[in-house]
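Since the structure comes first, as structure tokens, the remarks are kept for the end.
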Amino acid sequence: MISASVLVVDDDETVRETLAEFFDLSGMVVHTASTAAAARAAVAQHLPAVVVMDLRLPDTDGLSLLRG
């Protein structure tokens, strides 16, 4: 059985790690990123099925990241 993967993008370490733990305990493969640049790299490397993202990131806003 292949587990779904999720990328959690948030610059707040507590939020990021809490969400990562939740998804991990739910049986998902979890990757995390704290910046838009790190999120772009993680998407390219892991191709997550789902991305949970903060709208305010240190290097851009979440909506701009979604636009590419």
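How much length is gained on full extension from Ser26 to Ala4, taking 0.36 nm per residue of separation minus their Cα-Cα distance? Write down the numbers at each step before the final one.
On the way: separation 22, 0.36 × 22 = 7.92 nm, distance 1.00 nm.
In short, 6.9 nm is gained.
Taking amide H positions as placed 1.01 Å from N in the peptide plane, with prolines and chain starts having none, which residues 5 or more places from Val29, or on another chain, fall under 5 Å of its amide H?
Sorted by chain and number, the residues that satisfy this are Ala4, Ser5, Val6.
Using 0.36 nm per residue of separation minus the Cα-Cα distance, give me the extension gain between Thr18 and Val50 in nm, one decimal. Intermediate values should be presented prior to the final figure.
Values: separation 32, 0.36 × 32 = 11.52 nm, distance 1.64 nm.
Contour length minus Cα-Cα distance gives 9.9 nm.
Relative contact order of the chain: what whole-number percent is it, with Cα pairs under 8 angstrom and at least 6 residues apart?
Values: 102 pairs, mean separation 26.0, N = 68.
The value is 38 percent.
Which residues does the label zone of Leu66 cover in the stretch 15-34, counting backbone N under 12 Å from a point 7 Å along Cα→Cβ?
Taking a point 7 Å out along Cα→Cβ of Leu66, no residue of the stretch 15-34 has its backbone N under 12 Å.
Sequence-distant or interchain residues sharing an amide H contact under 5 Å with Thr60, placed H: which?
Ala36
Which of the listed residues, Val30, Ala44, Val15, is farthest toward the dipole's positive end in the chain, when Lys, Arg count +1 and Asp, Glu count -1 at the beta-carbon?
Farthest towards the positive pole: Ala44.
How much of Ser34 can a 1.4 Å solvent probe reach, expressed as accessible area in Å² and rounded to 10?
Using a 1.4 Å probe on the heavy atoms, I get roughly 40 Å².
Under a point-charge model restricted to the Cβ atoms of Lys and Arg (+1) and Asp and Glu (-1), what is the dipole moment magnitude of the chain relative to its Cα centre, in debye to the nearest 20?
Details: 4 positive and 10 negative charges, 72 e Å.
The dipole magnitude comes to about 340 debye.
The values are calculated or read from the model by the stated rules, or taken from the named source; none is laboratory data. Here the structure is a predicted model, which means the values were calculated and not measured. Every residue, glycine as well, gets a Cβ built from its backbone with ideal geometry; the counts of neighbours run over all protein chains shown. Just the protein is used for accessible areas: all its heavy atoms, side chains included, with ligands, DNA and RNA removed. Shrake-Rupley method; radii C 1.70, N 1.55, O 1.52, S 1.80 Å.
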